[in-house]
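Data block below; observations after.
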């Protein structure tokens, strides 16, 4: 029998991550960090070469809305087929709420993207990074499900390490191709942790007398 997760743990994580997000946002928008973030891009841009450019563009597109939507639907259907309806609902809501929260925050902060030097054309606002936010949400989801279902925890740890590395590379790629500032990526990661933690807290809170998520 799996031990039930104390809802206070994800709640505290959500509170801490929310605080860090708003501190970051306040620091970005009240202090002029453009020069610092431009310096970060200038450092990363020194790595640019045709082969790495192509790799980064391909990598960043794996976190586009279409592949993420397809993967989410496949995962949801698999969980439903396996009679894991609660986990299926959690998975679907997590990606949906993460995307919705990102859209809301973008229109709240209205931060413009970097103007020049981008390797691809992107529209919309910059803060927080949607690709960084959704990739971490997916990584947290798959990591949590792997620890929840896999009996061999070593595989779960290895999968989680791979997923977190993928998330880092997505964030790196967004700065590398210069469609986001580094602050956008950090904000996206923090916002993703908040959404995941709150949803996990709610699911475990409402199922304390039943089988936990």
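Readers should treat all values here as calculations from the given coordinates under stated rules, not as data from a laboratory. Only a predicted model underlies this, so the values are computations on that prediction, with no experimental measurement involved. Cβ placement follows ideal geometry from the backbone for every residue including glycine, while neighbour counts extend to all protein chains displayed.
Kindly indicate whether any position in the range 54-72 is over 23 Å from residue 143 (Cα atoms) and surrounded by fewer than 12 Cβ atoms within 10 Å (Cβ to Cβ). Within the range 54-72, one or more residues are over 23 Å from residue 143 (Cα atoms) and surrounded by fewer than 12 Cβ atoms within 10 Å (Cβ to Cβ). Scanning the range 21-33 for residues that are more than 23 Å from residue 193 (Cα to Cα) and either touching a residue at least 60 places away in the same chain (Cβ under 8 Å) or crowded, with 16+ Cβ neighbours inside 10 Å (or both) yields one hit, 33.
The residues in the range 170-193 that are farther than 18 Å from residue 21 by Cα and under 12 Å from the mean Cα position of the chain (by Cα) can be counted, and the count is 1.
When each of 18, 39 is tested for being exposed (fewer than 13 other Cβ atoms within 10 Å of the Cβ) and farther than 18 Å from residue 170 by Cα, the lone residue that passes is 39. Residues of the range 155-176 that are within 19 Å of residue 64 (Cβ to Cβ) and touching a residue at least 12 places away in the same chain (Cβ under 8 Å): 163, 166, 167, 169, 170, 171, 172, 173, 174, 175, 176. Set side by side, the residues 151, 173 differ, and just one is under 26 Å from residue 204 (Cβ atoms) and either surrounded by fewer than 17 Cβ atoms within 10 Å (Cβ to Cβ) or touching a helix residue (DSSP H, G or I) at 6+ places or on another chain (Cβ under 6 Å) (or both), which is 151. Residues in the range 96-112 that are under 20 Å from residue 30 (Cα atoms) and surrounded by 18 or more Cβ atoms within 10 Å (Cβ to Cβ): 105, 106, 111. Among the conditions (1) assigned to a helix (DSSP H, G or I); (2) in contact with a helix residue (DSSP H, G or I) (Cβ under 7 Å, 6 or more places away or on another chain); (3) surrounded by fewer than 18 Cβ atoms within 10 Å (Cβ to Cβ), residue 124 misses just one, which is (1).
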